[in-house]
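Asker: Quick one: the structure is below, and I'll ask about it shortly.
The values are calculated or read from the model by the stated rules, or taken from the named source; none is laboratory data. Computed from a predicted model, the values in this text were never measured in an experiment. Note: ideal-geometry Cβ built from the backbone for every residue, glycine included; neighbour counts use all protein chains shown. Heavy atoms of the whole protein, side chains included, go into the accessibility calculation; ligands, DNA and RNA do not. Shrake-Rupley method; radii C 1.70, N 1.55, O 1.52, S 1.80 Å.
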Amino acid sequence: MYAYIKGTITEKRDNTAVIETGGIGYETVVSAYTANSLAEGKETTLYTYLAVKEDGAALFGFSTREEKELFVMLISVGGIGPKGATVILGGMTPKELRACIASGNTQALYSIKGVGKKTAERIIMELRDKMTDGGAEAPVQAAKELTGVAAEATEVLVALGYKRDAAIKAVDAAYKEGMNVNQTVHKAIGGK
């Protein structure tokens, strides 16, 4: 896999840029944030991620390591693919996105074109604990075993596409004695 490509930007469009190095032009998919930082004819470094699928491959390019790290985190969230992650990264700066996720600001996330409320909630639920200083992931804690209504609510979130650890944490924080499964799930995904 490529870590980065250093070369000259020979072409730039809305969501792609061609970076030439060693006589080869690499077409990369870029976010609006990265596109704004690029200029044709200028020597630059793009931090890259190669996404390979059954129907082909795409090379994604980022102007900073932080943006690439956020991209990798976003594509780990259920339901978000590389193109969706690129759209999200184009909606705000990496620093703003990191702060938005850390503070649980779903409103700001779903104000990004193409991001719905459920997707915004899922991003926050699955990535909030990873938004520590410098982008390092929070230490993994042993998963808590939940029983009864809390266990059922956890299974509902997993069926909705949440990662099990994220679902357990959300339900553990939301569940209060006497709540039913629906109330617990609603509160766990950001409801009141």
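Asker: Which pairs in the list LYS6/LYS130; LYS12/LYS53; LYS12/LYS117; LYS83/LYS113 are over 22 Å apart, alpha-carbon to alpha-carbon?
Answerer: LYS6/LYS130; LYS12/LYS53; LYS12/LYS117
Asker: For ALA51 and THR93 in one chain, what is 0.36 nm times their gap in residues minus the Cα-Cα distance, to one decimal in nm?
Answerer: Additional length available on full extension: 12.9 nm.
Asker: While we're looking at this one, here's another question. Give me the extension gain from THR8 to ALA173: residue separation times 0.36 nm, minus the current Cα-Cα distance, reported in nm with one decimal.
Answerer: Details: separation 165, 0.36 × 165 = 59.40 nm, distance 4.94 nm.
Between THR8 and ALA173, full extension yields 54.5 nm more.
Asker: Let me ask something else. For LYS113, put the label point 7 Å out on the Cα→Cβ axis and report which residues of the range 16-54 keep their amide N under 12 Å from it.
Answerer: So the set is 32.
Asker: Another one. Using mean Cβ contacts within 10 Å as the protection proxy, how do 174-182, 150-158 order, highest first?
Answerer: My ranking of the peptides, most packed first, is 150-158, 174-182.
Asker: What's the carbon and sulfur percent of the chain's accessible surface, probe 1.4 angstrom, rounded to a whole number?
Answerer: 51 percent
Asker: Round to the nearest 0.05 the FRET efficiency obtained for ARG128 and ASN180 when R0 = 30 Å and r is the Cβ-Cβ distance. Present the calculation step by step, with values, prior to reporting the outcome.
Answerer: Details: r = 25 Å, r/R0 = 0.84.
After rounding, the FRET efficiency stands at 0.75.
Asker: In the chain, what percentage of the DSSP-assigned beta bridges are antiparallel, given to the nearest 5?
Answerer: Beta bridges within the chain, antiparallel portion: roughly 95 percent.
Asker: Sticking with this one: At 222 nm, what value in deg cm²/dmol follows for the chain if DSSP H runs of at least 4 each add -39500 (n - 2.57) and the sum is divided by all its residues, to the nearest 500?
Answerer: Taken over the chain, the calculation gives -12000 deg cm²/dmol.
Asker: Would you kindly state how much longer the chain becomes between VAL72 and GLU20 on full extension, computed as 0.36 nm times their sequence separation minus their alpha carbon distance, in nm to one decimal?
Answerer: Between VAL72 and GLU20, full extension yields an extra 16.3 nm.
Asker: Over the chain, with the other protein chains present, what is the accessible area per residue in square angstrom, probe 1.4 angstrom?
Answerer: Details: 10710 Å² over 192 residues.
Accessible area per residue, the chain: 56 Å².
Asker: Shifting gears a bit: For THR16, what residues show an amide H to amide H distance below 5 Å, using hydrogens built from the backbone and excluding near sequence neighbours?
Answerer: Answer set, sorted by chain and number: VAL30.
Asker: Given Cβ point charges of +1 (Lys, Arg) and -1 (Asp, Glu) and nothing else, what value in debye, to the nearest 20, does the dipole of the chain about its Cα centre take? Show your work: numbers first, answer last.
Answerer: Working: 23 positive and 23 negative charges, 92 e Å.
Value, rounded to 20: 440 debye.
Asker: Then there's this: Run the Debye formula on the Cα coordinates of the range 1-115, all scatterers equal and no solvent, and tell me log10 I(q)/I(0) at q = 0.17, 0.18 1/Å.
Answerer: Each listed q maps to, in turn, -0.79, -0.88.
Asker: Using the Karplus curve 6.51 cos²θ - 1.76 cosθ + 1.60 with θ = phi - 60°, work out ³J(HN,Hα) for each residue of the range 91-97 in order, rounded to whole Hz, and write x for Gly and Pro.
Answerer: My calculation for the range 91-97 gives x, 6, 5, x, 5, 5, 5 Hz in order.
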